[in-house]
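The values are calculated or read from the model by the stated rules, or taken from the named source; none is laboratory data. Note that the coordinates shown come from a computational prediction; the quantities given were computed from them, not determined experimentally. Backbone-built Cβ (ideal geometry, glycine too); neighbour counts: all protein chains shown. Each accessible area value is taken on the protein alone, full model and side chains, heavy atoms only, with ligands, DNA and RNA left out. Shrake-Rupley method; radii C 1.70, N 1.55, O 1.52, S 1.80 Å.
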There are 4 protein chains.
Amino acid sequence: MYVTLQQAQQAIEAAQSKAAEIGVPMNIAIVDSGANLMAFVRIDGAWLGSADIAMRKARTSRYFDMPSGELGKLSQPGGSLYNIEHSNGGIITFPGGIPIKDAQGEIIGAIGVSGSTVENDNLVAQAGVDAL
Amino acid sequence: MYVTLQQAQQAIEAAQSKAAEIGVPMNIAIVDSGANLMAFVRIDGAWLGSADIAMRKARTSRYFDMPSGELGKLSQPGGSLYNIEHSNGGIITFPGGIPIKDAQGEIIGAIGVSGSTVENDNLVAQAGVDAL
Amino acid sequence: MYVTLQQAQQAIEAAQSKAAEIGVPMNIAIVDSGANLMAFVRIDGAWLGSADIAMRKARTSRYFDMPSGELGKLSQPGGSLYNIEHSNGGIITFPGGIPIKDAQGEIIGAIGVSGSTVENDNLVAQAGVDAL
Amino acid sequence: MYVTLQQAQQAIEAAQSKAAEIGVPMNIAIVDSGANLMAFVRIDGAWLGSADIAMRKARTSRYFDMPSGELGKLSQPGGSLYNIEHSNGGIITFPGGIPIKDAQGEIIGAIGVSGSTVENDNLVAQAGVDAL
């Protein structure tokens with residue numbers, strides 16, 4: 001029911017490989033099913049400010065059991081969840097956070113990636129999820 | 001002048017029933033007339049991140065003595081209360097928070113509900129208010 | 001692995017009964033194994049400031065898998081964990097928080113009680129734990 | 001001048017080995033010379049609340065370029081740095097945080113470990129430092 005450290009590191013390694021492949025230094029965070037930090041790495045040269053964002057994306061994905069970017073579609077001006085970002089001490093609602101599920105489809109944690117365009121962030125996060 | 005714990009629990013039970021009826025696990029919070037937390041429940045399986053939002057919706061409704069969603073109409077870009085969400089340590093201005101009144105119409109607290117669409121959140125909050 | 005809402009409410013009801021028995025209004029909080037709030041009640045007339053303390057005691061007990069008061073023995077001036085209270089956004093290290101275990105002895109959450117002397121707080125928290 | 005991710009992971013692996021050797025699950029954090037988080041792991045079963053403490057110990061060690069426990073000797077009641085723990089958003093001044101130096105003796109980061117007694121925390125942190 002909880003992502004293990006071994007799983008977390010497996011996901012981070014896969015995400016690191018993808019980041020290396022596309023040539024962008026990333027911050028990568030994994031939280032468990034209680035939204036508590038499990039593992040984190042900042043690749044050399046990655047933006048300092050993206051460390052916090054990677055952790056918030058991971059938490060956000062577990063807080064609402066969906067990719068962080070899905071929330072962002074609803075939190076725009078005029079949207080039904082406008083300014084939801086003010087909750088939970090500050091959440092991040094653009095892409096780069098994705099829930100992690102076990103073989104039975106139960107959510108056991110989440111990954112958050114930050115350091116490049118949100119497309120790249122999400123690509124790297126997905127590589128981490130796919131490794132499990 | 002203050003909602004009692006008995007009233008708070010009565011409202012929460014009615015809200016829980018409505019949540020069960022529509023089949024969506026919710027977070028439900030009640031604050032008193034001082035905007036201080038009185039009671040809270042998270043239904044099994046409800047979003048973790050919605051606990052904080054339910055409490056903020058309840059506080060927001062009592063802070064301004066109106067449904068939380070009314071504020072959201074005024075806090076949009078160009079609106080008269082643009083980004084009021086930054087006040088009070090972070091408020092939530094989409095629907096799901098409703099003031100609770102006594103028989104004389106005086107506000108004695110508020111309910112906040114989060115866990116689904118804002119329409120469902122508001123429906124469940126209203127069920128809680130109607131129980132009193 | 002997670003305390004359920006039904007268990008949380010059972011623990012709260014037992015704690016409420018004990019609080020009524022000793023005649024002291026209490027704030028009672030339950031967190032799950034991820035240290036996330038599951039349920040909360042403030043008995044009419046209980047100290048407003050104790051709501052936050054009850055929630056922090058519950059979190060603290062789960063953060064370190066021990067009664068909150070055990071930490072306080074080590075966090076005194078000259079103690080090995082002096083001023084640990086500054087961690088995790090502020091923790092509470094006097095008695096009133098106790099882990100909740102399942103039948104196999106695994107910790108599935110924690111209860112936190114605040115509103116009277118720490119002896120009474122702990123007595124009421126223990127009543128909540130014993131109900132499960 | 002900055003610890004690299006490779007060095008950070010090398011230190012974490014050595015710390016993990018030492019933690020396994022003494023049989024205590026730990027939280028281990030590495031910050032760079034800017035006191036920004038570089039890498040973090042929570043060993044399965046480690047205290048949830050020690051994640052935050054490990055990160056604070058690492059930051060504290062770099063903030064003041066000394067083992068975290070050295071500060072604690074000066075922050076006691078009557079001491080010259082009484083309650084310095086209130087600074088920097090909350091620092092931790094008991095043992096378990098140690099600066100990391102390069103071959104020339106320049107500080108390039110710090111390690112912070114939390115999850116057991118401060119003696120064990122410090123032992124595991126030292127193992128991480130010694131690996132570099």
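Being small (Gly, Ala, Ser) and free of Cβ contacts under 8 Å to residues at least 24 places away in the same chain is the filter; apply it to region B:58-97 and report the residue that is farthest from B:Gly34 (Cα to Cα). Result: B:Gly78. Taking the numbered list (1) touching a Ser or Thr at 6+ places or on another chain (Cβ under 6 Å); (2) closer than 19 Å to C:Ala127 by Cα in turn, C:Ala46 passes all entries but (1). Here A:Val24 passes the criteria (1) under 11 Å from the mean Cα position of the chain (by Cα); (2) away from chain C (no Cβ under 14 Å) except the one numbered (1).
Under 26 Å from A:Arg59 (Cα atoms), part of a loop (DSSP other than H, G, I, E, B) and open to solvent by 10 Å² or more (accessible area, probe 1.4 Å): does that describe C:Gly79? When the stated conditions are applied, C:Gly79 does not pass them. The residue of region B:113-125 that is least open to solvent (accessible area, probe 1.4 Å), among those that are assigned to a helix (DSSP H, G or I) and without any contact (Cβ under 8 Å) to a residue 60 or more places away in the chain, is B:Val118. Determine whether B:Ala11 is on the phi < 0 side of the Ramachandran plot, crowded, with 24+ Cβ neighbours inside 10 Å, touching a residue at least 60 places away in the same chain (Cβ under 8 Å) and away from chain A (no Cβ under 14 Å). Here the answer is yes, as B:Ala11 does meet what is asked.
Considering the conditions (1) over 25 Å from C:Gly89 (Cβ atoms); (2) touching a strand residue (DSSP E or B) at 6+ places or on another chain (Cβ under 9 Å); (3) without any contact (Cβ under 8 Å) to a residue 40 or more places away in the chain; (4) not in a helix (DSSP H, G or I), A:Ala46 is excluded by exactly one of them, (3). Residue count for region C:36-58, restricted to those that are within 14 Å of chain A (Cβ to nearest Cβ) and open to solvent by 10 Å² or more (accessible area, probe 1.4 Å): 2.
One line per residue, one yes/no per condition, for (1) of a type in the set (Gly, Ala, Ser); (2) open to solvent by less than 30 Å² (accessible area, probe 1.4 Å); (3) within 20 Å of B:Gln126 (Cβ to Cβ):
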residue: B:Met66; (1), (2), (3): no, no, yes
residue: B:Leu74; (1), (2), (3): no, no, no
residue: B:Asn88; (1), (2), (3): no, no, no
residue: B:Pro99; (1), (2), (3): no, yes, yes
residue: B:Asp102; (1), (2), (3): no, no, yes
residue: B:Gly109; (1), (2), (3): yes, yes, yes
